[in-house]
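The values are calculated or read from the model by the stated rules, or taken from the named source; none is laboratory data. Note that the structure is predicted; figures quoted are calculated from it, not measured. Note: ideal-geometry Cβ built from the backbone for every residue, glycine included; neighbour counts use all protein chains shown. Accessible surface is based on the protein model in full, side chains and every heavy atom, while ligands, DNA and RNA are left aside. Shrake-Rupley method; radii C 1.70, N 1.55, O 1.52, S 1.80 Å.
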Amino acid sequence: MTIFKEFTFDSAHFLPNVPETHKCRAIHGHTYKLAIFIEGETDPVLGWVMDFAELKKIMGPIIDTIDHKLLNDVPGLENPTCELLAKWIWDQVKPSIPQLCKLILNETPTSGAVYI
């Protein structure tokens, strides 16, 4: 069984490695949408793979680190592309939730990254 929980957060960033004429070189912001996917067996007594409240509790400090922040100032995110941000989030979540199997991060409603 695979379950998922979605989160949103707002962050600013700039991409320092793109050409100076690229619009993403300037500081700008996004409302990100994040979906975390957890895979596992359904507990025969509780009836769930994982308590969504527990998942929210684990994700809280991670989201707090990036919500309403300049991502370039977060250690490990000096070049915060959507792809690198997705990997950074994965690296934060995986030690606490080994059953993490997929992460989808939307930078805009039509653009994003999938990390598996």
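Can you compute the charge dipole magnitude of the stretch 71-116 about its Cα centre, using +1 on each Lys and Arg Cβ and -1 on each Asp and Glu Cβ, nothing else charged? Give it in debye, rounded to the nearest 20. Display every interim value, and only then the final one.
Values: 3 positive and 5 negative charges, 52 e Å.
Once rounded to the nearest 20, the dipole reads 260 debye.
Compute the acute angle (0 to 90°) between the alpha-carbon long axis of helix 52-66 and the principal axis of greatest extent of the alpha-carbon atoms of the chain; round to the nearest 10°.
Rounded to the nearest ten degrees, it is 20.
Within 10 Å of each candidate Cβ there may be at most 14 other Cβ atoms; applying that plus a DSSP loop requirement, which chymotrypsin sites (Phe, Trp or Tyr not before Pro) in the stretch 20-66 survive?
Of the chymotrypsin sites (Phe, Trp or Tyr not before Pro), the ones in loops of the stretch 20-66 whose Cβ has at most 14 other Cβ atoms within 10 Å are W48.
Send over a whole-number figure in Å² for the accessible area per residue of the chain, probe 1.4 Å.
Per residue, the chain has an accessible area of 59 Å².
Please report the orientation-averaged projected area of the stretch 3-45, defined via the convex hull of its C-alpha atoms, in nm².
Orientation-averaged projected area of the Cα hull: 4.5 nm².
Around G112, what is the net charge, scoring Lys/Arg as +1 and Asp/Glu as -1 over all other residues with Cβ under 14 Å from its Cβ?
0
Within the P(r) computed for the chain, what percentage of the Cα pairs occupies the region above 25 Å? Present the calculation step by step, with values, prior to reporting the outcome.
Values: 1669 of 6670 pairs.
That tail contains 25 percent of the Cα-Cα pairs.
Take the chain, mark every one of the GluC sites (Glu not before Pro) that falls in a DSSP loop and has at most 13 other Cβ within 10 Å, then report the longest stretch left between them, sites excluded.
Answer - 79-116.
Grab the DSSP H runs of the chain that are 4 residues or longer, score each as -39,500 (n - 2.57), total them, divide by all residues and round the 222 nm result to the nearest 500 deg cm²/dmol.
-7500 deg cm²/dmol
Of all the accessible heavy-atom surface of the stretch 1-92, with the other protein chains kept in place and a 1.4 Å probe, what percent is carbon and sulfur?
Here carbon and sulfur together make up 57 percent of the probe-accessible area.
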